[in-house]
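Worksheet: the structure to be examined is printed underneath.
The values are calculated or read from the model by the stated rules, or taken from the named source; none is laboratory data. Every value quoted in this text rests on a predicted model; they were computed, and no experiment measured them. Every residue, glycine as well, gets a Cβ built from its backbone with ideal geometry; the counts of neighbours run over all protein chains shown.
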Amino acid sequence: MGKFLAVASFYNNTEEYIQQTFDNILNQTHKDWLLIVGDDFSEDEEFRRKLKAKVEALNDKRVLYYPTQFKRELYLYQNTFQHLEYDYYFDLDVDDILDPNLFTLYDKHFNDLPNVYSIFSDYVQRNVEGDLEQWSAVQPKKDYEKEWEFRHNADFWEIYQKRASQKMFGHARCMRRPDVKSLPILESCKTSTDTYFLFYNLTRGTHLNIPRSLYTYIRRPGSDSGKMTTEEHEKFNLNASQFMGEGNPDGWLWGAESVYQDVWNITTAISTTEWLDLVEEFSIISKELTDKQKDKIKGLYPDKKITFNKPHRNSIIAWDQTLVESELLESFKACKKLSCMAFNNDYDDKANEESFKQFNEQLVNEIKPYLPEHVSYIFFRQVRFTVNDGISELKKTGPDLSEINFYWRSGPELRCGHVPEGKWEAQFWQGGKLRWSPAIVTGFWARYSEDWFQEWECRIVNLNTGQVLKVIKPDTKVLGIQIDSGSLGDTLSWMGQIEELTQQRDYDKILVRCSKPWLFDHKYYELLNIHFVTWDSKWTNNWQQLGVYQEEDAVSPKHKHKRDWRTIPLGAIAADQLGIRYVERKPRLAPGFYQNNPNVNGPAICIATNSTAQAKYWNRPGGWQDVVNNLNDRDIKVYYVSKEDTDLIGVTKISDLTEVAQTMRAAGKFIGISSGLSWLAWALDIEVCMISGFTWEFVEFDCAVRIINHRVCSGCWTWSRFDRGDWNWCPQNKGTARQFECTKTISSEYVLQELETAGWFNI
């Protein structure tokens with residue numbers, strides 16, 4: 001057996017990926033490996049400490065923490081680890097998922113094929129919500145030259161952009177140990193460095209694709225690889241060019257082993273079967289295969305029992321025209337799980353999107369008589385058909401499962417009334433992955449604790465037969481949303497996200513209950529099918545809570561928040577819980593808020609100085625009075641808009657919230673701190689100057705003027721646990737001369753200078 005060295009570099013990943021990375025390796029059936037992890041200078045300064053602590057807590061001598069000295073060290077300098085004993089190098093992306101059999105299969109092929117220096121595999125691509133985007137099957141060796149030519153014509157790119165193309169290289173790239181101390185990098189490039197190692201190994205020997213999906217690639221919007229500029233692409237090509245041409249006169253692209261070339265259609269049909277992980281055995285239906293070919297296929301799936309050309313409830317078909325006359329075709333109708341893949345390998349002038357469309361339509365008509373209730377998935381030169389577990393037939397004749405219901409209640413929730421006699425299991429599926437499978441009986445109740453909105457389904461399985469007899473999804477066409485916070489800022493920010501929800505997903509009706517419904521324009525929101533209801537009104541069966549949640553041992557409990565809520569904008573907290581992409585959006589307020597206060601004549605600026613903790617204040621002695629005096633000297637009237645009293649001289653106090661909003665509208669400018677009244681000014685679409693050291697800029701909204709001193713201790717909201725019960729909370733400097741230095745060090749002169757630069761005095 002060979003030893004694997006897996007290297008994982010973290011950058012701006014959340015804590016959840018640390019455990020996922022460990023699990024990817026710890027769960028491998030092949031146990032001879034080393035795992036090195038390091039942080040690539042993440043913006044969260046605490047992350048490096050957390051990562052190191054996780055390694056220490058694991059207490060496994062095979063897992064090592066690497067203290068990086070400079071940016072991208074673990075990406076660019078894999079040869080750093082030549083002092084370690086290992087045979088194969090594996091570059092591990094921390095947000096992706098490995099099949100537990102990957103190292104076992106790679107080790108076997110490296111041992112059996114000494115000329116192979118690089119191995120990769122087919123893979124599945126999903127988005128961050130877990131939705132399937134594509135299966136990626138790698139082309140066999142015999143097609144490379146024609147494939148390369150084909151991929152450089154215009155028709156191909158139209159197809160490729162729809163993310164439905166076969167690949168020339170797979171994922172989960174693994175290489176034999178480098179035999180050089182350093183790999184030459186001509187130009188520093190931000191991504192795809194594993195590909196340089198792949199190209200380098202192609203100059204040493206051949207490469208092999210394992211035609212099994214052993215890797216799940218999670219496509220993240222905004223990832224490093226998705227941000228390459230034209231210049232960076234040129235740098236990448238320059239680095240790669242070293243391993244082509246003179247470096248490999250035989251041609252780098254054709255150095256592939258053809259181990260699976262003769263069974264590629266069959267292995268692809270298997271690897272693109274979405275229910276494969278649900279079964280332990282299945283049958284392959286194809287043309288006659290030799291014993292050697294059967295052994296090849298079985299060797300790819302040591303964890304499965306495979307039969308060939310025999311009726312089976314779980315069947316996979318590699319469609320061939322000769323199958324039309326097969327006696328097995330009639331038996332397809334009785335299959336509970338069936339997947340059929342057909343192939344079109346044209347490379348001539350007709351190999352374009354239109355010809356594939358025609359091919360697929362013809363194939364559908366041929367297969368319909370045998371798979372009348374199929375669903376299809378178009379995959380470039382291939383089309384796959386699936387029978388949906390025979391569920392429609394069983395609904396008519398099967399047991400009564402009508403009292404088993406699946407809801408969304410800030411997490412997937414199962415409620416069982418009557419459950420028939422026998423052994424039953426409820427499978428909680430999310431993003432094509434089985435997350436939980438409790439046994440169920442009459443009266444059973446269960447909930448999976450991940451409280452942010454995701455697409456879930458529940459499959460009810462008869463354990464005696466293994467059949468899936470019911471598939472249920474929460475009916476969220478009518479969705480309730482409950483804002484648990486009574487804070488003015490939270491309510492305003494999160495209502496904007498509820499409105500954004502209607503832009504990103506389709507609902508018949510959204511019901512909202514909150515502590516301040518009078519803030520909003522109910523008629524406007526009813527046009528969007530958003531309705532405000534009272535707390536004692538009848539509530540919907542499916543609902544989502546919005547809030548900031550803490551627990552005794554966790555500032556941001558992982559079952560409550562998708563990400564640490566301290567490290568993202570306030571509005572993004574709600575966006576995460578609603579399962580949408582965060583877009584800063586202002587809510588529509590009640591019409592009365594948009595009227596101008598008629599008593600405001602001439603130049604005016606509103607201010608608000610109070611909040612719920614001293615850390616939120618502008619703590620510069622005399623700072624506010626200096627600003628007020630300066631504004632008065634400029635004949636700018638200052639309105640103090642807050643319910644709290646003030647000892648400021650030269651201000652006019654307004655306390656009623658509606659009048660406050662109208663005064664803000666008339667003045668057009670507001671100076672405040674990180675508090676609810678700043679959020680009100682933002683919602684009213686007036687210019688805001690925010691003075692805050694308690695929070696960093698990203699926490700709130702895009703301000704006209706944002707004043708913060710980054711040269712002193714600041715941003716404690718993001719990196720510490722806020723104690724609401726401690727008025728003088730200052731996590732690092734409490735009781736010292738540096739207490740509240742984040743705002744004490746902001747002078748009134750600096751504030752006025754920033755306002756002048758922003759043109760605030762040209763009223």
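Consider GLU659 carefully, then state whether it is out of contact with any helix residue (DSSP H, G or I) (no Cβ under 6 Å at 6 or more places or on another chain), surrounded by fewer than 18 Cβ atoms within 10 Å (Cβ to Cβ), more than 21 Å from THR567 (Cα to Cα) and modelled with pLDDT of 95 or more. For GLU659, the condition - out of contact with any helix residue (DSSP H, G or I) (no Cβ under 6 Å at 6 or more places or on another chain), surrounded by fewer than 18 Cβ atoms within 10 Å (Cβ to Cβ), more than 21 Å from THR567 (Cα to Cα) and modelled with pLDDT of 95 or more - is met. Residues in segment 502-513 that are modelled with pLDDT under 95 and either in contact with a helix residue (DSSP H, G or I) (Cβ under 7 Å, 6 or more places away or on another chain) or among the aromatic types (Phe, Trp, Tyr) (or both): TYR507 alone. Restricting attention to segment 473-490 and to residues that are among the aliphatic types (A, V, I, L, M) and surrounded by fewer than 21 Cβ atoms within 10 Å (Cβ to Cβ), the residue that is farthest from ILE510 (Cα to Cα) turns out to be LEU488.
One residue stands out in segment 517-534 among those that are part of a loop (DSSP other than H, G, I, E, B), closer than 18 Å to ARG585 by Cα and not aliphatic (A, V, I, L, M): the one that is nearest to the chain's Cα centre (by Cα), namely ASN529.
Select from segment 519-559 the residues that are among the small types (Gly, Ala, Ser) and surrounded by 18 or more Cβ atoms within 10 Å (Cβ to Cβ) and write down the one among them that is nearest to SER410 (Cα to Cα). The selected residue is GLY547.
Here is a yes/no grid of residues against (1) assigned to a loop (DSSP other than H, G, I, E, B); (2) within 25 Å of CYS606 (Cα to Cα):
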{"position": "TRP679", "(1), (2)": "no, yes"}
{"position": "ARG706", "(1), (2)": "no, yes"}
{"position": "ARG721", "(1), (2)": "yes, no"}
{"position": "TRP727", "(1), (2)": "yes, no"}
{"position": "THR736", "(1), (2)": "yes, no"}
{"position": "CYS742", "(1), (2)": "no, yes"}
{"position": "PHE761", "(1), (2)": "yes, yes"}
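For segment 450-465, the set of residues classified as touching a residue at least 24 places away in the same chain (Cβ under 8 Å), surrounded by fewer than 16 Cβ atoms within 10 Å (Cβ to Cβ) and out of contact with any strand residue (DSSP E or B) (no Cβ under 7 Å at 6 or more places or on another chain) consists of ASN464 only. Among the residues of segment 680-724, the ones that are in contact (Cβ under 8 Å) with a residue 24 or more places away in the chain, under 30 Å from THR658 (Cβ atoms) and of a type in the set (D, E, K, R) come to 5 in all. Take the residues in segment 73-99 that are modelled with pLDDT of 90 or more and not in a strand (DSSP E or B), then tell me which one is nearest to ARG176 (Cα to Cα). If we take residues in segment 73-99 being modelled with pLDDT of 90 or more and not in a strand (DSSP E or B), then ASP87 is nearest to ARG176 (Cα to Cα). The single condition among (1) assigned to a loop (DSSP other than H, G, I, E, B); (2) touching an Asp or Glu at 6+ places or on another chain (Cβ under 7 Å); (3) of a type outside the set (Val, Ile, Thr); (4) buried (at least 19 other Cβ atoms within 10 Å of the Cβ) that ASP702 does not satisfy is (4).
Out of curiosity, is SER556 under 26 Å from ILE498 (Cβ atoms) and touching an Asp or Glu at 6+ places or on another chain (Cβ under 6 Å)? Can you show your working first?
Working: under 26 Å from ILE498 (Cβ atoms): yes; touching an Asp or Glu at 6+ places or on another chain (Cβ under 6 Å): yes.
Answer is yes for this residue.
Is it the case that some residue within segment 606-614 is in a helix (DSSP H, G or I) and either outside the structural domain of THR743 (by TED's automatic domain parsing) or modelled with pLDDT under 95 (or both)? Looking for residues that are in a helix (DSSP H, G or I) and either outside the structural domain of THR743 (by TED's automatic domain parsing) or modelled with pLDDT under 95 (or both), one finds at least one in segment 606-614, hence yes. Hey, could you check segment 637-656 for residues that are on the phi < 0 side of the Ramachandran plot and touching a Leu at 6+ places or on another chain (Cβ under 9 Å) and say which is surrounded by the fewest Cβ atoms within 10 Å (Cβ to Cβ)? Per the criteria, the residue is LYS643. Filtering segment 469-490 for residues that are at pLDDT below 95, on the phi > 0 side of the Ramachandran plot and touching a Phe, Trp or Tyr at 6+ places or on another chain (Cβ under 7 Å) leaves an empty set. Note on segment 432-449: residues that are surrounded by fewer than 19 Cβ atoms within 10 Å (Cβ to Cβ) and either among the hydrophobic types (A, V, I, L, M, F, W, C) or under 17 Å from HIS559 (Cα atoms) (or both) amount to 11. Can we say TYR106 is free of Cβ contacts under 8 Å to residues at least 60 places away in the same chain and not hydrophobic (A, V, I, L, M, F, W, C)? The answer is no for TYR106. Looking at segment 739-761, is at least one residue farther than 22 Å from SER485 by Cα and under 32 Å from the mean Cα position of the chain (by Cα)? The answer is no, given that none of the residues of segment 739-761 is farther than 22 Å from SER485 by Cα and under 32 Å from the mean Cα position of the chain (by Cα). When LEU578 is tested against (1) touching a Leu at 6+ places or on another chain (Cβ under 7 Å); (2) at pLDDT below 90, only condition (2) is not met. Just need a number here: residues in segment 709-719 that are surrounded by fewer than 20 Cβ atoms within 10 Å (Cβ to Cβ) and either acidic (Asp, Glu) or assigned to a loop (DSSP other than H, G, I, E, B) (or both). Qualifying residue count for the region: 5. Note on segment 286-313: residues that are out of contact with any strand residue (DSSP E or B) (no Cβ under 6 Å at 6 or more places or on another chain) and in a strand (DSSP E or B) total 1.
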